[in-house]
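Inspection log for the structure reproduced underneath, given as structure tokens.
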Amino acid sequence: MNENIVALLNKDLEGEHAAIIQYLVHAYAMGEGEMACEIEAITREEMRHLDWLAEAIVGLGGAPSLTRGDMRTGGDSVSDWMGNDVLQEEDAIALYEGHIKAVDDPKIKRLLERILSDERSHRGDFQHFVDKAKKEGAKDLRGPRQDNVTKILNWGIEHEYTVVLQYLFHSYMTTNEDVKREMEDQAINEMQHLGWLSEEMVDGGGTPRIEHTEPDQSIKTADMLRADIKIEKQVAAEYDRAAKEVDDPGLERLLGRIRDHELYHIDVFNDLLKKEEQEA
Ligand SMILES: [Fe+2]
Ligand SMILES: [Fe+2]
Ligand SMILES: [Fe+2]
């Protein structure tokens, strides 16, 4: 394993992780609108970068880092936030430029150059958003609400963020192709849950807190699946209880829908575990 290249790619990956969360915080806080949609599209490109970097790291015999790099979440106006996003892109550009020079492997070099060209384009997009936010008077739509509902929503957000990281990690580390595909798929589904809960929070006058707890980092596929089933069982029960607790019928439906997805995940993971145990 080339430990130097793995360490350097993990730095890049941590930067992508930070950019994803920083941009999502901004997009959710702005509510539905053209600019928020464009920021979410940029975020999806950062997710692809993260995915490519993680696969490259595993290809070199390493393990992808789950540490998040530094975010810039300050700023008093949407225009300030967009300025922070420009700075985030500039950091990424400088990092990739340095790493392209430091790496000899032509495949890795090519990948980093591919990502670098996206980051340059993102920098231009965010520069444009600095003025656009001013002109359009874009606002922070988050509010100070704090009650049982915002507690439930932030609990859900924390859970969803944790399992996104957990399932991505499992998908990168497993040698079972079926498990890999399913983990990737369900990580995207959990990402959706994270977005729904965050948007619901902003609509309801609260502020999403996008933090996570410690994801399971098992290396053996059967251990991964056991950890995944365990967490799904816990949260399906939590979502079920929360859905019964809330008064707002829209929120009740949302929590019920997420619960149904989690129940589906339990079944899918159980099937995979049975197969994995038979083959072992
Ligand atoms: Fe970027
Ligand atoms: Fe979920
Ligand atoms: Fe789930």
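Structure values in brief
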{"item": "Stretchable slack from D267 to D76, in nm (0.36 nm times residue separation minus alpha-carbon distance)", "result": "64.2 nm"}
{"item": "Distance in nm between pseudo-label sites at E252 and D147 (7 Å out along the Cβ direction from Cα)", "result": "1.6 nm"}
{"item": "For D140, distant residues with modelled amide H under 5 Å away", "result": "V78"}
{"item": "H128 versus A41: modelled label distance in nm, points set 7 Å from Cα along the beta carbon direction", "result": "0.8 nm"}
{"item": "Distance histogram in 10 Å bins (all Cα pairs of segment 123-223, percent per bin)", "result": "15, 30, 27, 21, 6, 0"}
{"item": "20 Å reach of a label modelled at A237, 7 Å along Cα-to-Cβ, counting backbone N of segment 261-280", "result": "261-271"}
{"item": "Segment 71-122, Rg to Rh (Cα coordinates; Rh as Kirkwood inverse mean 1/r)", "result": "1.13"}
{"item": "Per-residue ³J(HN,Hα) for segment 226-243, Karplus 6.51 cos²θ - 1.76 cosθ + 1.60, θ = phi - 60°, Hz, x for Gly and Pro", "result": "5, 5, 5, 5, 4, 5, 5, 5, 4, 6, 4, 5, 5, 5, 4, 5, 5, 4"}
{"item": "Highest to lowest packing among 19-32, 131-144, scored as the average C-beta count within 10 Å", "result": "19-32, 131-144"}
{"item": "Global geometry of segment 119-174, whether rounded, prolate or oblate, following the gyration tensor of its Cα atoms and the 1.5 cut on a/c", "result": "oblate"}
{"item": "Simple spin-label estimate for L87 and K230 in nanometres, 7 Å along Cα-Cβ", "result": "4.1 nm"}
{"item": "Phi-based couplings in Hz for segment 59-65 (Karplus 6.51, -1.76, 1.60; Gly and Pro marked x)", "result": "x, 8, x, x, 10, x, 6"}
{"item": "Whole-percent carbon and sulfur share, accessible surface of segment 184-234, 1.4 Å", "result": "48 percent"}
{"item": "Reciprocal mean inverse distance between Cα atoms of the chain - Kirkwood radius, Å", "result": "19.9 Å"}
{"item": "Contour minus Cα-Cα distance for E245 and R120 (0.36 nm per residue)", "result": "40.3 nm"}
{"item": "Anchor K151: aspartates and glutamates whose Cα lies under 16 Å away (excluding residues fewer than 8 positions away in-chain)", "result": "E160, E199, E200, D203, E211, E238, D240, E245, D247, D248, E252"}
{"item": "Those lysines that a straight Cα-Cα span of less than 27 Å connects to K101, excepting residues fewer than 8 apart in one chain", "result": "K11, K109"}
{"item": "Length-normalised contact order of segment 56-138 in % [C-alpha pairs under 8 Å, at least 6 apart]", "result": "37 percent"}
{"item": "Phi to ³J(HN,Hα) by Karplus 6.51 cos²θ - 1.76 cosθ + 1.60 over segment 44-55, Hz, x for Gly, Pro", "result": "5, 5, 5, 5, 5, 4, 4, 4, 4, 5, 4, 5"}
{"item": "Candidates L66, L255, L111: whichever shows maximal mean-square fluctuation once the chain is modelled as a Gaussian network with Cα springs under 10 Å", "result": "L111"}
{"item": "Solvent-accessible area per residue for segment 4-67 (1.4 angstrom probe, square angstrom)", "result": "35 Å²"}
{"item": "Whole-number percent relative contact order across the chain, with pairs defined as alpha carbons under 8 Å at least 6 apart", "result": "17 percent"}
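The values are calculated or read from the model by the stated rules, or taken from the named source; none is laboratory data. Because the structure is a prediction, the values reported are computed rather than measured. Backbone-built Cβ (ideal geometry, glycine too); neighbour counts: all protein chains shown. The area values use the complete protein model at the heavy-atom level, side chains included, leaving out ligands, DNA and RNA. Shrake-Rupley method; radii C 1.70, N 1.55, O 1.52, S 1.80 Å.
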